[in-house]
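The values are calculated or read from the model by the stated rules, or taken from the named source; none is laboratory data. Note that the coordinates shown come from a computational prediction; the quantities given were computed from them, not determined experimentally. Virtual Cβ from ideal backbone geometry, glycine too; neighbours counted across all protein chains shown.
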Amino acid sequence: MQYIYLHGFASSPRSFKARRFQAYCQPRGLTFQIPDLNGDNFQQLTLTRQLEDVAQLIDDRPAAILGSSLGGLTAAILADRHPNIERIVLLAPAFGFLSHWLPTFDRDQLDRWQRTGTTSIFHYGDNCDRDLDYAFVRDLERYDAYQLTRSVPTLMIHGVRDEVIPIAASRMYARDRDWVELVELDSDHSLASHCHISIAQSFEFLTRS
């Protein structure tokens with residue numbers, strides 16, 4: 001089995017969750033590939049580019065993908081497209097990302113971003129501001145996770161106090177998909193307060209026979 005971990009938006013393979021998952025799982029015989037979804041060019045990041053980059057990592061073996069936030073959305077779309085992806089874990093997946101994220105900008109900021117083509121975004125992985133092209137938004141508008149139909153076994157873990165992607169987004173996705181198991185935790189978007197529970201449940205799900 002091939003295991004891949006996908007970090008979130010404006011994050012990196014060195015994120016807290018990525019390191020904790022690897023530290024827990026590797027001694028137990030499960031090692032993740034953790035690609036850098038920034039692709040050495042955060043400014044020109046798009047979801048399409050992420051999907052293409054990760055697709056190149058998927059070989060002919062059965063695969064399992066664990067994705068956090070935007071990495072979770074990426075994992076869900078990939079699983080819909082690739083039949084050898086046998087199960088996925090989605091941590092606070094960024095379903096409906098734009099509808100929740102864009103309202104955090106004021107109208108002048110959005111107008112300026114569209115007009116100039118670039119704005120400054122805080123990048124948590126680099127701990128500094130980085131430029132991001134408006135093409136990120138236009139590309140993401142093309143994707144709707146609620147249209148995914150492949151019945152791949154899925155574990156979703158989401159915090160009921162998520163301030164970035166509301167728990168309602170995952171509840172809506174799980175509602176009509178009997179192959180999705182939704183675990184709700186008393187945590188925020190980072191799931192940091194329940195990281196140990198998230199890791200243990202994810203490991204159990206990924207290694208379930």
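With the condition kept exactly as written, say whether any residue in the stretch 95-118 is touching an Asp or Glu at 6+ places or on another chain (Cβ under 9 Å), assigned to a helix (DSSP H, G or I), within 20 Å of Q50 (Cα to Cα) and at pLDDT 95 or above. Scanning the stretch 95-118 turns up at least one residue that is touching an Asp or Glu at 6+ places or on another chain (Cβ under 9 Å), assigned to a helix (DSSP H, G or I), within 20 Å of Q50 (Cα to Cα) and at pLDDT 95 or above.
Condition check: of a type in the set (A, V, I, L, M, F, W, C) and in contact with a Leu (Cβ under 9 Å, 6 or more places away or on another chain). Does W113 satisfy that? Considered against the rule, which asks whether it is of a type in the set (A, V, I, L, M, F, W, C) and in contact with a Leu (Cβ under 9 Å, 6 or more places away or on another chain), W113 comes out as yes. If you go through the stretch 152-170 and pick out every residue that is within 19 Å of L206 (Cα to Cα) and either free of Cβ contacts under 8 Å to residues at least 40 places away in the same chain or buried (at least 18 other Cβ atoms within 10 Å of the Cβ) (or both), you end up with 6. Per this entry, L51 is counted among residues that are free of Cβ contacts under 8 Å to residues at least 60 places away in the same chain, more than 23 Å from T207 (Cβ to Cβ) and among the aliphatic types (A, V, I, L, M). Only one entry in R142, R171 is modelled with pLDDT of 95 or more and not in a helix (DSSP H, G or I), namely R142. Of all residues in the stretch 182-206, exactly one satisfies the criterion of being in a loop (DSSP other than H, G, I, E, B) and more than 18 Å from the chain's Cα centre (by Cα), namely D186. Against the test of being touching a helix residue (DSSP H, G or I) at 6+ places or on another chain (Cβ under 9 Å), of a type in the set (F, W, Y) and closer than 19 Å to K17 by Cβ, the options F105, F95 yield a single qualifying residue, F95.
Taken over the stretch 76-116, residues that are out of contact with any Phe, Trp or Tyr (no Cβ under 9 Å at 6 or more places or on another chain) and among the small types (G, A, S) amount to 3. Tell me, yes or no, whether the stretch 13-33 has at least one residue that is closer than 19 Å to T149 by Cβ, under 14 Å from the mean Cα position of the chain (by Cα) and touching a residue at least 12 places away in the same chain (Cβ under 8 Å). No, every residue in the stretch 13-33 fails to be closer than 19 Å to T149 by Cβ, under 14 Å from the mean Cα position of the chain (by Cα) and touching a residue at least 12 places away in the same chain (Cβ under 8 Å).
Picking from residues in the stretch 98-123 that are aromatic (F, W, Y) and buried (at least 16 other Cβ atoms within 10 Å of the Cβ), the one that is nearest to H7 (Cα to Cα) is W101. Using the structure shown, decide if I157 is assigned to a strand (DSSP E or B) and under 29 Å from Y24 (Cα atoms). Answer is yes for this residue. The set of residues in the stretch 194-209 that are in contact (Cβ under 8 Å) with a residue 12 or more places away in the chain, of a type in the set (S, T, Y) and either surrounded by fewer than 17 Cβ atoms within 10 Å (Cβ to Cβ) or out of contact with any Leu (no Cβ under 9 Å at 6 or more places or on another chain) (or both) contains only T207. Just one of the listed residues (F42, F95) is among the aromatic types (F, W, Y), crowded, with 17+ Cβ neighbours inside 10 Å, within 30 Å of V160 (Cβ to Cβ) and within 19 Å of the chain's Cα centre (by Cα), namely F95.
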